[in-house]
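Asks: So that we are looking at the same thing, I have put the structure below in structure tokens.
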Protein chains: 2
Amino acid sequence: MLHPDSTAPGPTTIDRATCESLDAADPLAPFRERFDLPDGIVYLDGNSLGALPRATRAHVDRVIAEEWGIGLIRSWNDAGWFAKPQSVGDRIAPLIGAAEGEVVLGDSTSGSLFQVVTAAARLRPDRNVIVAEHGSFPTDLYVIEAVQSMAGGATPLERRLVRDGGPALDELLGDDVAVVVLTHVDYRTGRMHDLAEVTARVHEAGAIMVWDLCHSVGAVPIDLGAAGADFAVGCTYKYLNGGPGSPSFMWAASRHHEAARPAVTGWHGHARPFDFEIGYEPMSGIGRFRVGTPQLLSLAALEASLDIWAEVDMSLVREKSLRLTELFMALVDRRLGAWPIEVVTPRRSTRRGSQVALRHEDGYAVMQALIERGVIGDFRAPDLMRFGFTPLYVTHADVWDAVESLHDVLESEVWREPRFAHRSAVT
Amino acid sequence: MLHPDSTAPGPTTIDRATCESLDAADPLAPFRERFDLPDGIVYLDGNSLGALPRATRAHVDRVIAEEWGIGLIRSWNDAGWFAKPQSVGDRIAPLIGAAEGEVVLGDSTSGSLFQVVTAAARLRPDRNVIVAEHGSFPTDLYVIEAVQSMAGGATPLERRLVRDGGPALDELLGDDVAVVVLTHVDYRTGRMHDLAEVTARVHEAGAIMVWDLCHSVGAVPIDLGAAGADFAVGCTYKYLNGGPGSPSFMWAASRHHEAARPAVTGWHGHARPFDFEIGYEPMSGIGRFRVGTPQLLSLAALEASLDIWAEVDMSLVREKSLRLTELFMALVDRRLGAWPIEVVTPRRSTRRGSQVALRHEDGYAVMQALIERGVIGDFRAPDLMRFGFTPLYVTHADVWDAVESLHDVLESEVWREPRFAHRSAVT
């Protein structure tokens, strides 16, 4: 059995039977039964869209039939609808090391980032630089542009980017830096930052630390409180399995709540929303990050998935995640050495999230051919094939089968068929 | 039968049998069977949260089971998920006099207003005043504050309010006015503006016209194109029956698309979202108003309700709406004259949406007692009882029953019981 802290490629004697034994001994194995996965599919894209929990359909249907259909407008009180963005936020809190009352649901991650980055920048009015990474998921960069373009005036905000082979974070951390926005786990490579260590460096420079947890929440243990971070946003439709487009969340450390001034001041963030006052006054606490009416059916699906997370031990998730990713890399090393494939994900377990990226010049076509064989990963331009390992429903045997299928695709050269070459609009 | 253009209180001889005859002759009557309404309830709050269409549960369940559960990540292409905010927007277009490609779904109305008001203000960089109404739904005013506070700098934006008994719109329309934001139908009183006439006055002053259609879409015929308006936002969970928190929509006249610069530049509004470029470039057309991943399950419920709207003749809706509201006011006049109740909704049909507000000093308690008897309306501080008339599922007999119940509540003085006095947080 591979040790979770190992950086070795793993025993060369492993075979499918070994994988099956690992599955039989896996304490998380029973969770797979909590998901509806299509037959014949190895699903390695839960880092993009999580699988469907079995309980979700009935839960959403009950909310529609009873809370909406029968309760109608009364459900705003009787079913706790108004409180949902915060009551459900409290259920996400344990997954990120947040306290009760520190997490609230938003709409999309981009919208939530806009709220949070604005609030962060306003806490440092005497500084005008926002630092981010060139390799961030692009919407983070676009949202920083949006904050910049709104905050015109005397001292325009400047965006500085950390780049591979370019300036490192420390070189950019001058006393003009207001906010640093970083992605905990990189969306392409799976590279993971040390949350506490980076936060400390950013604080030393007097800046506010905003974490994007989209690719780490539900994938790795997170302790924002212990790290002393300032703000965070995250996504619930990836590892948390909340369903397509399920609401984002925002976190703000309690110490910032009263001073925080998010960008969009909608009525659901008002101190007295049902007094219908003409002037805005922020709700006390995290509720001030709210905007308008939450999309309650999407939120209902998230609630069903959080029922599962309430039972999950994140240390077991991390342990299995590392076993799966190491196993995958070890098998790639062993089986695919004949082809020009490169593992771009860090081998060091402390620097790795729960996904592995392989570089291949024709990664798009190879991935399409692989998907046709029932192994679903995805592709990120220009040349990365991504494989996500979601420990609640991915098995060691899945990992074995995925690498074997990839081997077959490469060996047969089936991916060279023209039908795999055409890149569709959405990948 | 009451004439739709009549301003008279209606025949004093009307009784429940007359109402039943009107229902029997109602061309929209068959639509009531398309909704699941709880037994024994007269639902007059569809102006706040529309009723549940019978087809919604199965449709949402299919999207969850098939598109999410089986299609998984592939549904972004195969089920057209990425295009949904625009393809579903196109289905709303006919209800508001918009052309194909002019409507896109957003998240909440507040968030969408922030996008649209920012884009509107940026079209008039040489002007710095935003005009709105004191009686607007408050979030419109809060969002204008948000736009103001973001756009700090040399010429801070100023907000000017039209008030009853205060300055009228024309008095505020100076050559410094960039944008006018008005609510087509007032959320409390049901007062309706003349969309075309007001738009023309605003344009004469050189300002941009933004309409809030929350309380008019699906309630009255709307022709933004004919009015030559600039931007609009609206809500789909009221008269459109999209479900609790179903997504808002945004409209921009085609002539503004290429110049429009909304506030939040998320990746779903990028020209090439899946090229993952580090710089933002807006998608051409209305798509640039998009932010992040749409909440697809809430959106699915909306799609089911739009299947109904595709069959609806809005002129019939308007005709019935006016009959229902006139009938209600006529019966209130006749039956409730002994109590201090005032109809605050315009009697003139051209100035009225599809709701009626009654002022009563103890409106909160009276409404609670009425709800206990199965007639559901709502209350807006300080003293307004609101009754919404949604022609697809409210009958003339419902109107009769509602007024009779209100009569009983007032005559019995049951509303004076202490249990009705306590005002809950959400009303």
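Asks: Pairs needed: first member in segment B:107-123, of a type in the set (Val, Ile, Thr); second member anywhere, open to solvent by 20 Å² or more (accessible area, probe 1.4 Å); C-beta distance under 9 Å; at least 6 residues apart or different chains.
Replies: What qualifies is B:THR109/B:PHE137; B:THR118/B:ALA151; B:THR118/B:ARG261.
Asks: I've got another one for you. I need the full set of residues from segment A:281-301 which are part of a helix (DSSP H, G or I) and either touching a Phe, Trp or Tyr at 6+ places or on another chain (Cβ under 7 Å) or of a type in the set (Val, Ile, Thr) (or both), in order please.
Replies: First pass over segment A:281-301, keeping only residues part of a helix (DSSP H, G or I): A:285-289, A:296-301.
Within segment A:281-301, A:ILE286, A:LEU296 qualify.
Asks: Within segment B:218-239, track down each residue that is among the aliphatic types (A, V, I, L, M) and surrounded by fewer than 24 Cβ atoms within 10 Å (Cβ to Cβ).
Replies: Selection gives B:VAL220, B:ALA226, B:ALA227.
Per-residue answers, yes or no, for (1) touching a Cys at 6+ places or on another chain (Cβ under 6 Å); (2) open to solvent by 10 Å² or more (accessible area, probe 1.4 Å); (3) modelled with pLDDT of 95 or more:
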site	(1), (2), (3)
B:ASP362	no, yes, yes
B:VAL366	no, no, yes
B:ALA369	no, no, yes
B:GLY377	no, no, yes
B:PHE387	no, no, yes
B:HIS396	yes, no, yes
B:VAL403	no, no, yes
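Asks: Taking segment A:72-83 as the search range and keeping residues that are in a helix (DSSP H, G or I), of a type outside the set (S, T, N, Q) and surrounded by 21 or more Cβ atoms within 10 Å (Cβ to Cβ), which one is farthest from the other protein chains (Cβ to nearest Cβ)?
Replies: A:LEU72
Asks: Restricting attention to segment B:114-163, and to residues there that are over 19 Å from B:ARG201 (Cβ atoms), open to solvent by 10 Å² or more (accessible area, probe 1.4 Å) and more than 12 Å from every other protein chain (Cβ to nearest Cβ), which single residue is nearest to the chain's Cα centre (by Cα)?
Replies: Out of the qualifying residues, it is B:GLU158.
Asks: Looking at B:VAL332, B:VAL317, which one is farther than 28 Å from A:GLY69 by Cα, assigned to a helix (DSSP H, G or I) and open to solvent by less than 10 Å² (accessible area, probe 1.4 Å)? Outline the logic, then answer.
Replies: Details: B:VAL317 fails: farther than 28 Å from A:GLY69 by Cα.
Answer to the selection: B:VAL332.
Asks: Restricting the first residue to segment B:174-192 and requiring it to be under 19 Å from B:ASP45 (Cβ atoms) and of a type outside the set (A, V, I, L, M, F, W, C), which pairs with a second residue that is modelled with pLDDT under 95 and part of a strand (DSSP E or B) meet a Cβ separation below 8 Å and a spacing of at least six or different chains?
Replies: B:TYR187/B:ARG380; B:ARG188/B:ARG380
Asks: What's the total number of residues in segment B:272-310 that are over 20 Å from B:HIS257 (Cβ atoms), β-branched (Val, Ile, Thr) and crowded, with 24+ Cβ neighbours inside 10 Å?
Replies: Count: 1.
Asks: Do you know which residues across segment B:349-360 are in contact with a strand residue (DSSP E or B) (Cβ under 8 Å, 6 or more places away or on another chain) and surrounded by fewer than 22 Cβ atoms within 10 Å (Cβ to Cβ)?
Replies: Step one: of segment B:349-360, the residues in contact with a strand residue (DSSP E or B) (Cβ under 8 Å, 6 or more places away or on another chain) are B:350-360.
Those that are in contact with a strand residue (DSSP E or B) (Cβ under 8 Å, 6 or more places away or on another chain) and surrounded by fewer than 22 Cβ atoms within 10 Å (Cβ to Cβ): B:THR350, B:ARG351, B:ARG359, B:HIS360.
Asks: Quick check on segment A:90-108: of everything there that is over 18 Å from A:MET314 (Cβ atoms) and open to solvent by less than 20 Å² (accessible area, probe 1.4 Å), which residue is nearest to the other protein chains (Cβ to nearest Cβ)?
Replies: A:SER108
Asks: Yes or no: segment A:50-62 includes at least one residue that is at the interface with chain B (Cβ under 9 Å from one of its Cβ atoms), open to solvent by 10 Å² or more (accessible area, probe 1.4 Å) and touching a residue at least 60 places away in the same chain (Cβ under 8 Å).
Replies: So far as segment A:50-62 goes, no, none of its residues is at the interface with chain B (Cβ under 9 Å from one of its Cβ atoms), open to solvent by 10 Å² or more (accessible area, probe 1.4 Å) and touching a residue at least 60 places away in the same chain (Cβ under 8 Å).
Asks: Also: Output the residues belonging to segment A:258-293 that are more than 7 Å from chain B (Cβ to nearest Cβ) and of a type in the set (Val, Ile, Thr).
Replies: A:ILE286
Asks: For A:GLY166, are the conditions met, namely being surrounded by fewer than 19 Cβ atoms within 10 Å (Cβ to Cβ), out of contact with any Leu (no Cβ under 8 Å at 6 or more places or on another chain) and within 14 Å of another protein chain (Cβ to nearest Cβ)?
Replies: The answer is yes for A:GLY166.
Asks: Against the definition (open to solvent by 10 Å² or more (accessible area, probe 1.4 Å) and touching a Leu at 6+ places or on another chain (Cβ under 7 Å)), how does A:ALA205 come out, yes or no?
Replies: For A:ALA205, the condition - open to solvent by 10 Å² or more (accessible area, probe 1.4 Å) and touching a Leu at 6+ places or on another chain (Cβ under 7 Å) - is met.
Asks: To continue, here is another question. Restricting the search to segment A:230-249, which residues are within 13 Å of another protein chain (Cβ to nearest Cβ) and assigned to a loop (DSSP other than H, G, I, E, B)?
Replies: Those that are within 13 Å of another protein chain (Cβ to nearest Cβ) and assigned to a loop (DSSP other than H, G, I, E, B): A:CYS235, A:THR236, A:TYR237, A:LYS238, A:ASN241, A:GLY242, A:GLY243, A:PRO244, A:GLY245, A:SER246, A:PRO247, A:SER248.
Asks: Looking at B:ALA304 and the list (1) outside any loop (DSSP other than H, G, I, E, B); (2) in contact with a Phe, Trp or Tyr (Cβ under 6 Å, 6 or more places away or on another chain), which single condition is not satisfied?
Replies: Evaluating B:ALA304 over (1) outside any loop (DSSP other than H, G, I, E, B); (2) in contact with a Phe, Trp or Tyr (Cβ under 6 Å, 6 or more places away or on another chain) leaves (2) as the failure.
Asks: Another question, if that's okay. Among B:LEU324, B:LEU331, B:LEU297, which is the only one that is within 14 Å of another protein chain (Cβ to nearest Cβ) and touching a residue at least 40 places away in the same chain (Cβ under 8 Å)?
Replies: Numbers: B:LEU324 fails: within 14 Å of another protein chain (Cβ to nearest Cβ); B:LEU331 fails: within 14 Å of another protein chain (Cβ to nearest Cβ).
Result of the check over B:LEU324, B:LEU331, B:LEU297: B:LEU297.
Asks: Considering only residues that are at the interface with chain B (Cβ under 7 Å from one of its Cβ atoms) and either of a type in the set (Ser, Thr, Tyr) or without any contact (Cβ under 8 Å) to a residue 60 or more places away in the chain (or both), look in segment A:35-49 and name the one that is farthest from A:VAL220 (Cα to Cα).
Replies: A:PRO38
The values are calculated or read from the model by the stated rules, or taken from the named source; none is laboratory data. Quick caveat: nothing in here was measured; it's all calculated off a predicted structure. Cβ atoms come from the backbone with ideal geometry, glycine included; neighbour counts cover every protein chain shown. The accessibility values were calculated without ligands, DNA or RNA, using every heavy atom of the protein model including side chains. Shrake-Rupley method; radii C 1.70, N 1.55, O 1.52, S 1.80 Å.
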